[in-house]
Structure formats: C-alpha cells, structure tokens
1. Once you order the gyration tensor axes a ≥ b ≥ c over the Cα atoms, which shape class does the stretch 378-448 get: rounded for a/c under 1.5, otherwise prolate or oblate by comparing a/b with b/c?
2. So between residue 165 and residue 393, what do we pick up on full extension, going 0.36 nm a residue minus the alpha carbon distance?
3. Can you figure out the FRET efficiency of residue 379 with residue 15, using R₀ = 56 Å and their beta-carbon distance, to the nearest 0.05?
4. Please compare each pair in 66/407; 165/532; 162/444; 407/427; 197/395; 305/427 to a cut-off of 32 Å on the Cα-Cα distance and tell me which ones are over it.
5. Considering only DSSP states other than H, G, I, E and B, which chymotrypsin sites (Phe, Trp or Tyr not before Pro) in the stretch 135-189 qualify as loop sites with at most 10 other Cβ atoms within 10 Å?
6. I'd like the distance between the alpha-carbon centres of the stretch 418-445 and the stretch 22-83, rounded to an integer number of Å.
7. Between the stretch 457-532 and the stretch 231-284, how far is it from one alpha carbon centroid to the other, in angstrom?
8. Tell me the GluC sites (Glu not before Pro) within the stretch 463-533 that lie in a loop according to DSSP and have at most 14 other beta-carbon atoms within 10 Å.
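FYI, it's all coordinate maths here, none of it is from the lab. As the structure is a computational prediction, the values presented were derived from the model and not from experiment. Reconstructed Cβ throughout: ideal geometry from the backbone, glycine too, with neighbour counts over all protein chains shown.
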Amino acid sequence: MRKRGCSPNVQTYTALISGSFHGGKMEVAIGLYHRMLREGLVPNTVTYNALINELCSEGRFEIALKIFYWMEGQGTLANAQTYNQIIKGLFTMDDIERAMIVFNKMLKDGPSPNVVTYNTLIVENLKRGYLNNAMRFLDMMKESGCEPDERTYCELTSGFSKAGKLDSATTIFCEMLERGISPNQWNYTAMIDGYCKEGKMDVALSLFERMEENGCSPSIETYNAIISGLSKDDRYLEAEKFCAKMIQQGLQPNTITYTSLIDGLCRNGGTNLAFKIFREMEKNNCLPNVHTYTSLIYGLCQEGKADSAERLLQEMETKGLVPDEVTFTSLIDGFVLLVERVVSQNETVYGCSSDERVSTFELIGNLLLRLSENGCEPTIDVYNTLVSGLCREGKSYEASQLVESMKEKGLSPNMEISCSLLVAHCKNLEVDPALGIFNSMAVKGSRPYLSIYKVLICALCRSSRVEKAQSIFQNLLAEQWNGDLIVWTVLVDGLLQEGESDVCMKFLYLMESRNCTLSLHTYRILARELSKVGKSLETDQISKEFRKLSFPP
C-alpha cells in the first residue's frame with residue numbers, strides 16, 4: 001500500500017486492529033494501535049470500541065479501562081457501546097463499585113444508557129443475588145423512557161423464580177404480558193421450575209398447559225422441572241406419563257430426567273424402584289452424576305442402610321465423581337435420620353452413642369472422619385459447604401466448632417466461611433463474635449461485601465449498640481464505596497426494613513457531610529420508602545435534595 005504512495009488511514013488501521021484480534025494476534029493489534037498514534041493519526045470511536053471490545057473479550061480489563069479514560073482525555077467521545085463494554089468488563093472483574101461509577105458518569109455526561117446497559121446491570125445484580133437492586137434498575141430503565149425488552153423480562157422472571165420469590169416473578173411475568181411481549185420457552189420454564197420447587201404443582205401444570213396452548217413447545221428443561229416436581233410430590237405415575245410424553249415429542253430423557261425420578265422415589269421411600277431406574281439409566285448409556293448417587297445415598301440412609309450408603313459412596317468416588325455440597329448435605333441429613341433411629345432402637349452407628357443429646361457437630365465430625373478413612377480428605381470447599389449449611393439452619397455454635405476443628409487441621413477459613421459465620425451470629429444477635437470475625441477479616445485485608453456491612457449494622461442496632469453501628473458505617477464510608485449502592489443496600493434494604501428510620505436519616509446526613517454523591521433516582525427511592533413508614537418530615541427533606549438535583553442553581 002505504501003509502495004503505491006497510499007498511506008493507511010484511520011479506517012485501515014481500525015480494520016487491521018480488529019482483524020489482528022480476530023486472528024488471535026492481540027500483541028500485533030496493540031502494536032498497530034501504537035503505530036497509528038506515532039503516525040499522527042487520531043483513532044475514532046470505532047477504533048477505540050474495537051480495542052476495548054477485544055481486550056475485554058481477552059480478559060485484559062485493566063488495559064481496556066486505561067484506553068477508555070485515555071480516549072476521553074484525547075477528546076474522543078465514548079458512545080453507548082463503549083460504556084456497555086466497560087461496565088460489563090468491570091462486572092466480570094467483580095468490581096461493582098467502579099461499574100456503578102462508570103454508569104453514573106454515563107447518566108451525568110451522556111450518552112444515555114440503552115437497553116443493553118440496563119440489561120447488563122440487571123443480569124449482573126441477579127447473578128449476585130441483589131434482587132432489589134435489579135428491580136431498581138428496571139424502574140430506572142422505565143423512568144428514563146428506555147423500554148425493557150424480552151431479555152429484560154426473561155432474566156428477571158428467571159432470577160426471581162430461582163430465588164424462590166414467586167410472587168415477584170409472577171408480577172414481572174404479568175407486566176411482560178401487559179406490555180405485549182410474548183413469553184418464550186425460557187420464560188415459561190423459569191416460572192414452571194419455580195412453582196415446582198415451591199411444591200405448587202397444580203399451578204406449574206396449569207402453566208405447562210398454557211405454554212402448549214400458546215404454541216410454545218416445552219424443552220427438555222421444562223419436562224425435567226415438571227418430572228422433578230411430581231416425583232418429589234410423590235406423584236410418580238404422573239411423572240412417568242410426562243416422561244413418556246417427552247419421548248413421544250422426540251426428546252430423550254437425560255441424566256437430569258432420570259435423576260429427578262430417582263430423587264423423588266428416594267425421598268418417598270421408593271429406594272428399591274429408584275435402583276431399578278438407576279440400572280435402566282446405565283443400560284441406556286446415560287451416565288449417572290453426583291446428584292444421582294447423592295439421591296440414592298440419601299434414600300439408603302433414610303432406610304437405615306448405612307453400609308450400603310457407604311459402599312455407594314465408594315463406588316461414586318471410584319468413578320471419579322467428587323462429592324459436592326448436595327452430597328454432603330444429603331449424607332448429613334441421612335446420618336441425622338440414622339441417629340434418630342439409634343435413639344429409638346438403642347443402637348450405635350459409627351461411634352455415635354444412643355444418648356439423645358448427640359450433637360450435630362458430633363454427627364458431622366463422625367461423617368468427616370469416615371470420609372477421611374475412605375480417602376476423601378475434607379478440603380476447604382467441603383468445610384465451606386458444611387459451615388454454610390449449619391449457618392443457614394441458624395446453628396452458629398456448631399458452625400463455630402467446625403471452623404475451630406478446621407483450623408486445627410491447618411486450614412484457614414476463606415471469605416465465604418467467614419461471611420457465613422458472621423451472618424449466622426448476627427441472625428442470632430450474637431454481635432460480639434460477629435464483630436470478632438469482622439475485625440479478623442479487616443486484619444487479613446479482606447474487604448467484606450456491602451451485604452455483610454448491612455447485616456452487621458442492623459444486628460448492632462437491634463442490640464441497642466447504635467454507636468458501634470455508626471462507627472462501622474463510618475469505616476464503610478472511608479472505603480470509597482459507591483454512594484447509591486450504600487443507600488440501596490444498607491439504608492433502604494437494611495435499616496428501613498428493620499424499622500430504624502431515625503438511624504437511617506442519621507447515616508444519610510453522615511454521607512452528605514462526607515460529600516457522598518447520590519443519584520436523583522436514589523433520592524426518589526428514599527423518599528418513597530420513608531413515606532411508607534410515615535416519616536413525612538424526613539420525606540420533605542429528601543424531596544428538597546432531589547429538587548436541587550433536578551433544578552440546579
């Protein structure tokens with residue numbers, strides 16, 4: 001090109017950069033970008049988008065971020081695509097705070113967020129279990145005049161259904177219908193699965209019929225949800241009929257289908273029939289997975305067949321299947337049932353006495369010992385599973401004992417274990433042990449999630465230790481978290497939900513004294529939530545703040 005007297009222009013370099021990335025030559029692409037600059041050519045938005053998009057795809061988020069800020073410094077305006085790529089990249093890095101900073105910059109300076117922006121924010125918050133935040137982004141989306149699309153509603157119905165929030169999922173589903181968006185296979189399956197997991201089989205079956213009537217073909221995932229729900233509800237014959245119907249429609253039962261049938265039978269005393277299906281499954285070259293074995297092990301424990309359960313565990317490990325959270329939970333549940341039998345029959349199982357005071361911790365200790373003897377040495381993930389399970393049941397004492405046992409074996413609790421234990425202590429209003437864990441995390445340099453701050457601050461307020469709660473909140477402000485996220489998580493979802501509106505306002509003033517920037521939408525949320533609890537004076541004060549934002553002097 002140069003030999004013919006033609007110099008490459010911006011468009012040529014942009015095409016070469018994009019082509020180099022697609023050819024797997026990232027370093028060449030970056031080299032072309034630097035060469036372009038040396039030749040005095042100014043990259044345009046398309047060039048920068050190509051660079052940022054490909055760098056994010058390769059996981060080079062920090063470099064992408066540097067280019068994003070560099071392009072702004074050079075006077076090249078970022079468009080919605082640029083912002084969307086950066087926000088997505090920051091979420092991939094689990095850097096929620098910086099993602100929100102970039103989003104707020106977008107709101108303030110433009111361009112306006114589009115449906116891709118809002119969908120990214122909604123999806124990423126749903127992934128992390130921040131359901132309220134996901135709904136807030138939906139509200140912001142509608143208020144800004146950006147219409148939610150099929151994906152928005154798909155993600156929300158699925159996210160709320162998986163979290164067991166069926167009322168909210170149903171409301172979102174109905175709103176989707178009102179807006180003229182037809183539910184697709186994914187929408188229906190998410191709702192059906194949610195109802196099945198809640199044991200509301202009649203509603204699930206009705207929705208399945210509606211799905212077919214509307215010309216939307218059920219997928220294997222839809223059938224698996226129905227079969228699983230019916231099996232757990234001890235409606236095995238109906239489950240079999242759905243299995244036959246599925247085959248008639250050209251869908252072959254897979255591992256999940258067979259496991260659903262096996263699990264339902266094992267939960268309802270049909271372990272013998274479950275083993276027949278297990279053999280049929282293997283005969284049809286459908287490989288059992290960890291959950292298949294877990295269901296059978298639980299069924300055997302339920303029937304008091306400890307030796308058979310142990311043999312099956314060994315068979316499972318021989319096949320290279322590693323016990324997971326569900327396996328261990330089922331084993332513990334099974335051992336609980338065994339101990340209950342011991343108490344009534346005055347027998348002994350694996351060293352557990354028939355004393356009615358046998359503790360959960362002793363049970364778990366015996367299980368871990370047995371697993372160790374079988375060459376399955378408990379790892380940090382195993383302890384995480386067990387501690388999390390105990391904490392969910394509110395057994396903070398037993399969980400603490402297990403953590404101490406783990407430390408004795410040279411294993412250090414990770415972030416997940418520490419957070420689970422802290423939350424369990426807070427639920428039981430054991431704030432001193434919770435503070436001990438919190439301080440220990442700070443010493444190790446671990447940064448607790450915002451949800452952990454919320455739980456601890458609320459527990460301190462319920463324990464009449466508001467000054468300590470304020471001290472923790474001030475530490476939080478010093479860590480430069482995004483102001484909107486602090487208000488949404490700690491003030492609205494935390495303090496206001498707990499009825500601590502006075503403390504909420506006190507903390508809000510603290511934020512304002514630290515010059516924390518809040519968006520107009522956040523002030524609206526605060527005003528709305530305060531009005532619900534009859535705080536008219538506080539609502540007026542908040543309204544004044546967002547009037548200042550709406551009509552700056």
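1. On the way: a/c = 1.70, a/b = 1.09, b/c = 1.55.
It comes out oblate by the Cα gyration axes.
2. Extra length available between residue 165 and residue 393 comes to 80.1 nm.
3. Details: r = 49 Å, r/R0 = 0.88.
Efficiency, from the Cβ-Cβ distance: 0.70.
4. On the way: 66/407 41 Å; 165/532 22 Å; 162/444 34 Å; 407/427 24 Å; 197/395 25 Å; 305/427 36 Å.
The pairs that break the limit, which is 32 Å between Cα atoms, are 66/407; 162/444; 305/427.
5. Working: sites: 137, 153, 160, 173, 186, 188; in loops: none.
Passing both the DSSP loop test and the Cβ count: no residue.
6. 43
7. Computed from Cα coordinates, the inter-centre distance equals 50 Å.
8. Numbers: sites: 467, 479, 498, 500, 512, 529; in loops: 479, 498, 500.
Passing sites in the stretch 463-533 are 479.
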